[in-house]
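Scroll down for the structure; my scribbles are underneath it.
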Amino acid sequence: MSHLEKSTHMRKKPTSDVVQTWRWQRATAVALIFLSCWFMVTLVTQLQLADPNALAQWLGHPAVALAMGVMVLAAFIHKHIGLHEIITDYIHCPCKKNFANLLLNVAVALLTLVTLAAVWHLHLVGIHS
Amino acid sequence: MTTSNESRPLSPHLGIYRWQITNTLSILHRLTGVALSGGLAVLSAWLITAAWFPGYFTQLHWALGTIIGQIALFGWTVCFYYHLANGMRHLNWDLGYGFKLDEVTSSGRIVILFTMFMSIFTWAVALGEVPL
């Protein structure tokens, strides 16, 4: 079997969940390199931190709100994968492990949704002010 | 002699290894990741209170301004730069580069220097010591 045939053959296999998770971890990592650095620079140099109105005005710009939304989403996905990995490695008792994973899933899902809603809300406030 | 044991531990046994730059940086990646997930929760609280609870936003801002809050923020800054730099080191490995022992050691040293420099520089800018 030639090298090419072998790789085509491998590509036909369904991708396992573990591989998918690995890819998501790397994809969010690469996205976060750019987004988190951009956020850090903005945080340190531009935002008037004590003022929610300044924050809203900043998020009123569509590109900023979009970047912030994507950063929040990527950060929570990355956080979920990382903490899930730690639970898998260090909690051995199945019932404790399941409980920890349930807690993690609920907390991350809830926080992600509410935080994205907050970004959206601040974006709209920023447009109208 | 090797025996199969169902209840064998799955996680790395940190206690039996000598601490070297390689394994120290490896476990620090996890620890800083855990710390940063706490930081992300604060970032969420910052956005959520700014959107709907201005009173709590003011309280959060006050809390982050106290000495404990400032130490926490500085700690998160260090964790951020460390996890960022070491994460890029990991991505480089994923691409298949930098596996030789001397490369692993020197990239580890670069990560430490980057973290120290950027953390101090960022706070110098934030506190107005360095104009940008």
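Brief remarks follow.
- Wholly enclosed helices (runs of 4 or more DSSP H) of the stretch B:54-132 bearing at least 1 residues within 17 Å of the chain's Cα centre (by Cα), over 23 Å from B:Val34 (Cβ atoms) and touching a residue at least 12 places away in the same chain (Cβ under 8 Å): B:101-126
- Only one of the numbered conditions (1) surrounded by 17 or more Cβ atoms within 10 Å (Cβ to Cβ); (2) more than 10 Å from chain B (Cβ to nearest Cβ); (3) closer than 21 Å to B:Thr77 by Cβ is violated by A:Leu47, and that is (1).
- The criterion of being farther than 27 Å from A:Met40 by Cα, without any contact (Cβ under 8 Å) to a residue 60 or more places away in the chain and in a helix (DSSP H, G or I) does not hold for A:Val70.
- Assessment of the stretch A:84-105 against the conditions (within 15 Å of the chain's Cα centre (by Cα) and surrounded by 15 or more Cβ atoms within 10 Å (Cβ to Cβ)) yields at least one matching residue.
- Any pair with Cβ under 9 angstrom, 6 or more apart, that starts in the stretch A:24-39 at a residue that is within 11 Å of another protein chain (Cβ to nearest Cβ) and without any contact (Cβ under 8 Å) to a residue 40 or more places away in the chain and ends at one that is of a type in the set (Phe, Trp, Tyr) and surrounded by 17 or more Cβ atoms within 10 Å (Cβ to Cβ): A:Ser36/B:Phe80
- Verdict on A:Leu110 being farther than 29 Å from B:Trp62 by Cα, in a helix (DSSP H, G or I) and either modelled with pLDDT of 95 or more or of a type outside the set (A, V, I, L, M, F, W, C) (or both): no
- Of all the listed residues (B:Thr105, B:Thr115), the sole one being touching a Phe, Trp or Tyr at 6+ places or on another chain (Cβ under 7 Å) and more than 11 Å from every other protein chain (Cβ to nearest Cβ) is B:Thr115.
- Criterion: surrounded by fewer than 15 Cβ atoms within 10 Å (Cβ to Cβ) and of a type in the set (S, T, N, Q) - qualifying residue of B:Thr49, B:Thr24, B:Thr32: B:Thr24
The values are calculated or read from the model by the stated rules, or taken from the named source; none is laboratory data. Predicted, not measured: the structure shown is a model, and the values here were computed from it. Glycine also receives a Cβ, built like all others from the backbone with ideal geometry; neighbour counts cover every protein chain displayed.
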